[in-house]
There are 2 protein chains.
Amino acid sequence: MARLDELARFTETPGELTRRFLSDAHKQAALQVQDWMQQAGMKAQIDDAGSVVGRYGSGARTLMIGSHIDTVVNAGKYDGNFGVIAAIEAISALPPTPLPFAIEILAFGDEEGVRFPKTLSGSKAVAGCFDATALDGCDQDGMSMRAALQAFGCNPEHIQALKRPDLAAYIELHIEQGPVLERENRPLGVVSAINGATRLNVSLTGTAGHAGTVPMTLRRDTLAAAADMILAIESLARQIPDLVATVGQIKALPNAANVIAGQTIFSVDLRAPDDHLRDSAHNAITGALHDIAQRRLVGIEITLTHLAKAARCDPALQAELGVAIGATGHTPLTLPSGAGHDAMVFTGTCPMAMMFVRCAGGISHNPAESITTEDADYAIRALLHFIQNTQIG
Amino acid sequence: MARLDELARFTETPGELTRRFLSDAHKQAALQVQDWMQQAGMKAQIDDAGSVVGRYGSGARTLMIGSHIDTVVNAGKYDGNFGVIAAIEAISALPPTPLPFAIEILAFGDEEGVRFPKTLSGSKAVAGCFDATALDGCDQDGMSMRAALQAFGCNPEHIQALKRPDLAAYIELHIEQGPVLERENRPLGVVSAINGATRLNVSLTGTAGHAGTVPMTLRRDTLAAAADMILAIESLARQIPDLVATVGQIKALPNAANVIAGQTIFSVDLRAPDDHLRDSAHNAITGALHDIAQRRLVGIEITLTHLAKAARCDPALQAELGVAIGATGHTPLTLPSGAGHDAMVFTGTCPMAMMFVRCAGGISHNPAESITTEDADYAIRALLHFIQNTQIG
């Protein structure tokens, strides 16, 4: 817990925790994690996708345990970071008995997707599904991911070579970021599947004009059109159980009180445990948005910026994690993950599973995010039990 | 027209015209205007409110001719600037015959209100209605108007002393910023009254949360609430003839695609020719917004940031401007102004009137803003006729 506090000091914005992919704060946090890995007896380095990689023991096959150290804007200090620190703690606590596989702990840097259009580049690189076009995506200041990686000390041309052919399994510990474990009074859970996600960028073009002189009936106001669309998206999501839809990002131009917004851009984030359900909601939203744009005489361009299918966790690994949780004296709860995780990109590469830790009030992506020291201890003990008893490899 | 092009080079943002109050671009433009005033035979200086003041001739009483050289973000080059340049051109063209009054041309710097919470500080200062609390208002970077004035070379403590006891009349030339003169095929118009304006800042507080894990029914999403409110405002304004309402500025926090917006702030701008109509719309909007906030369980704070009563133009000056327009060979059209202008703060101080110049498509606050050289020439000739024939003073 002290290390999580210490890690939270690395931020772009004093007074809050904001640590975006490839920022200076990310670099400082990565160097700190590398140091802790070395203290735990691991060989550690930063790879060409900006992930910290710590290797322990040896073997033809590798158990990878990962999570991420980038954060959203004004974040909590457990999302991602807990999974990395917990894994290092488990390695520190391992007895010297050799294991039949190597272990690598990965601290990925690009899970939250708040900086560049495409995300999960670190985990995709090692899973072998990194799409090189992501390198051309630019942040709000016009800096490409390629240039940012170079500034971080990485060689983006080597990312494809990070693919690992030796993965026996991928495991991730993470805070739940939802209210289920707390409601069921369980400290730890086994994830059954990670919900799929679709992320869209919607760009509207109308006509800027003076707020005092253009009659209401002659306006092509893109911010009013965006408001119409946001309500349509919310209404549609409310009608479909298990689906959530969020518009979290918006930008109006020129963004002045006395000018009708000539351009408005906003994001749409859709999540569901079922891919067909999510795809049909995506289609319905696209249709509704085009109808509104047509009615309001504004131009519309909808771009798909992120697509992740629902990812099922490996049943054998789920069972082993359940046993490991049981060994701490608790009954595991099996639940789906509403949030996306680095783990999901390993589907199709190697067996993958996740363990969730209870968090207060289900609050996440918020400075109020918190877990108890007791629950953190249970999680590390369960991970240690899993490592020493798993039949992988 | 060449001078208007030249003045448009002074911008904060290369490739577009953005010149906010007390910016470096504003300082450069002010020095250029001061130089042109001196070339036209005027004594010119920058006063403690950041306005350029050029004095011509002498007399116990003064005819003030003003407009502004600040702009909105990504502006056109005629709004405000035309009135200043046209007045300098008229002075240059005056024959040496002494006039029974002094003339002062004022290039105000704070008409658009895009930087600080309160606006029109330059014209309010000379009209004697400047409210010193405006100095404490801060821009988005946290800089107060007081500090910005000091950096500009002004002494904000001397602003109250700028009040002029000797004003015989205030006249302003401005582009129409609306489609009426063009539709009626008239180059010039006489303004009957300036619509009143109410500007509000609405701040909503909900709960930030993870876009994937918080069910739709448990959200306190401030951006969805803002969307609801924007549509309510639009709908209300559409029901009331002559009223326009605009939400042009919005900011969601933390403004990330995968985080429910915990805070959203937006502006509301209301305009109407009748104060009672505008006040009742203001009340109706306040009520509707509070209802929506209550229904969505979000906190709401509505702040009045700007209030300007409808301002009637002086009938005698209107008649003289009509005669002056007639002298150019055109029939004047009398029309109200949908936009606010520096002129309105002179109500109660001295007789005030405005002349409008036709602009293409009624487009303003937009780079596509344009007027013809011919219409500009008619406007300057009419102003010259007015100066030589007015019975003021």
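The values are calculated or read from the model by the stated rules, or taken from the named source; none is laboratory data. Keep in mind it's a predicted model, so treat the numbers as computed, not measured. Virtual Cβ from ideal backbone geometry, glycine too; neighbours counted across all protein chains shown. Ligands, DNA and RNA are stripped out before the accessible areas are found, and what is left, the full protein with its side chains, is counted by its heavy atoms. Shrake-Rupley method; radii C 1.70, N 1.55, O 1.52, S 1.80 Å.
What to note about this one:
- Within this structure, B:Ala132 passes the test of being open to solvent by 30 Å² or more (accessible area, probe 1.4 Å) and over 26 Å from A:His210 (Cβ atoms).
Conditions (1) in a helix (DSSP H, G or I); (2) in contact (Cβ under 8 Å) with a residue 24 or more places away in the chain, marked per residue:
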residue	(1), (2)
B:Cys129	no, yes
B:Thr133	yes, no
B:Asp141	no, no
B:Ala148	yes, yes
B:Ala151	yes, yes
B:His158	yes, yes
B:Arg164	no, yes
B:Ala168	no, yes
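- Some residue of the range B:353-367 being assigned to a helix (DSSP H, G or I), in contact with a Leu (Cβ under 9 Å, 6 or more places away or on another chain) and in the same structural domain as B:Phe108 (by TED's automatic domain parsing): yes
- Single residue of A:Ala319, A:Ala281, A:Ala324 found to be buried (at least 19 other Cβ atoms within 10 Å of the Cβ), more than 14 Å from every other protein chain (Cβ to nearest Cβ) and either part of a helix (DSSP H, G or I) or in contact (Cβ under 8 Å) with a residue 40 or more places away in the chain (or both): A:Ala324
- Condition broken by A:Ala360, with the remaining ones in (1) surrounded by fewer than 21 Cβ atoms within 10 Å (Cβ to Cβ); (2) more than 14 Å from every other protein chain (Cβ to nearest Cβ); (3) of a type in the set (A, V, I, L, M) satisfied: (2)
- When the range B:52-89 is filtered for residues that are among the small types (Gly, Ala, Ser), over 19 Å from the mean Cα position of the chain (by Cα) and in a loop (DSSP other than H, G, I, E, B), the ones remaining, listed by number, are B:Gly57, B:Ser58, B:Gly59, B:Ala60.
- In the range B:322-349, the residues that are over 19 Å from the mean Cα position of the chain (by Cα), on the phi < 0 side of the Ramachandran plot and either at pLDDT 95 or above or not hydroxyl-bearing (Ser, Thr, Tyr) (or both): B:Gly322, B:Val323, B:Ala324, B:Ile325, B:Gly326, B:Ala327, B:Thr328, B:His330, B:Thr331, B:Pro332, B:Leu333
- The single residue among A:Glu172, A:Glu176, A:Glu182 that is away from chain B (no Cβ under 11 Å) and open to solvent by less than 30 Å² (accessible area, probe 1.4 Å) turns out to be A:Glu172.
- Per-region count, the range A:52-64, residues free of Cβ contacts under 8 Å to residues at least 60 places away in the same chain and open to solvent by 40 Å² or more (accessible area, probe 1.4 Å): 4
- On the stretch given as the range B:266-278, residues that are touching a residue at least 12 places away in the same chain (Cβ under 8 Å) and either away from chain A (no Cβ under 11 Å) or under 17 Å from A:Ser267 (Cα atoms) (or both) total 4.
- Selection count where residues are out of contact with any His (no Cβ under 6 Å at 6 or more places or on another chain) and surrounded by fewer than 24 Cβ atoms within 10 Å (Cβ to Cβ), scope the range B:185-205: 10
- A Cβ distance below 6 Å, combined with a sequence gap of six or more or placement on separate chains, defines the contacts here; from the range B:1-19, residues that are closer than 20 Å to B:Tyr378 by Cβ reach residues that are surrounded by fewer than 20 Cβ atoms within 10 Å (Cβ to Cβ) in the pairs B:Met1/B:Thr373.
- Selected residue (criterion: farthest from A:Thr305 (Cα to Cα)) from residues of the range A:203-214 that are small (Gly, Ala, Ser) and either more than 7 Å from chain B (Cβ to nearest Cβ) or part of a strand (DSSP E or B) (or both): A:Gly209
- Considering residues of the range B:19-51 that are within 21 Å of the chain's Cα centre (by Cα) and over 29 Å from B:Asn366 (Cβ atoms) only, the residue most open to solvent (accessible area, probe 1.4 Å): B:Asp48
- Yes/no for A:Leu304 being at pLDDT 95 or above, exposed (fewer than 15 other Cβ atoms within 10 Å of the Cβ), farther than 26 Å from A:Leu106 by Cβ and touching a Lys or Arg at 6+ places or on another chain (Cβ under 6 Å): no
- Checking A:Gly54, A:Gly76 one by one, the residue that is of a type in the set (Gly, Ala, Ser) and either closer than 20 Å to A:Ala151 by Cα or away from chain B (no Cβ under 14 Å) (or both) is A:Gly54 and no other.
- Residue check for B:Ser337: open to solvent by less than 10 Å² (accessible area, probe 1.4 Å) and under 26 Å from B:Gln249 (Cα atoms): yes
- Qualifying residue in the range A:104-113 (condition: modelled with pLDDT under 95, under 22 Å from A:Thr198 (Cα atoms) and surrounded by fewer than 24 Cβ atoms within 10 Å (Cβ to Cβ)): no
- Checked against (1) of a type outside the set (A, V, I, L, M); (2) within 25 Å of A:Lys43 (Cα to Cα); (3) touching a Pro at 6+ places or on another chain (Cβ under 8 Å), A:Asn74 passes all but a single condition, namely (2).
- Considering the range A:272-294, the residues that are touching a strand residue (DSSP E or B) at 6+ places or on another chain (Cβ under 7 Å) and of a type in the set (A, V, I, L, M) include one that is farthest from A:Leu223 (Cα to Cα), namely A:Ala272.
- Qualifying residue in the range B:252-271 (condition: assigned to a helix (DSSP H, G or I) and touching a strand residue (DSSP E or B) at 6+ places or on another chain (Cβ under 9 Å)): no
- A:Val191 being in the same structural domain as A:Ala339 (by TED's automatic domain parsing) and in contact (Cβ under 8 Å) with a residue 40 or more places away in the chain: yes
- The set of residues from the range A:187-202 being within 7 Å of another protein chain (Cβ to nearest Cβ) and assigned to a loop (DSSP other than H, G, I, E, B) comprises just one member, A:Asn195.
- Note on the range A:220-261: residues that are more than 7 Å from chain B (Cβ to nearest Cβ), surrounded by fewer than 24 Cβ atoms within 10 Å (Cβ to Cβ) and not hydrophobic (A, V, I, L, M, F, W, C) total 6.
- B:Thr217 meets the conditions (1) open to solvent by 10 Å² or more (accessible area, probe 1.4 Å); (2) away from chain A (no Cβ under 13 Å); (3) assigned to a helix (DSSP H, G or I); (4) farther than 24 Å from B:Met352 by Cα in every case but one. The failed one is (2).
- Candidate set from the range B:363-393 (those that are open to solvent by 50 Å² or more (accessible area, probe 1.4 Å) and among the acidic types (Asp, Glu)); member that is nearest to the chain's Cα centre (by Cα): B:Asp377
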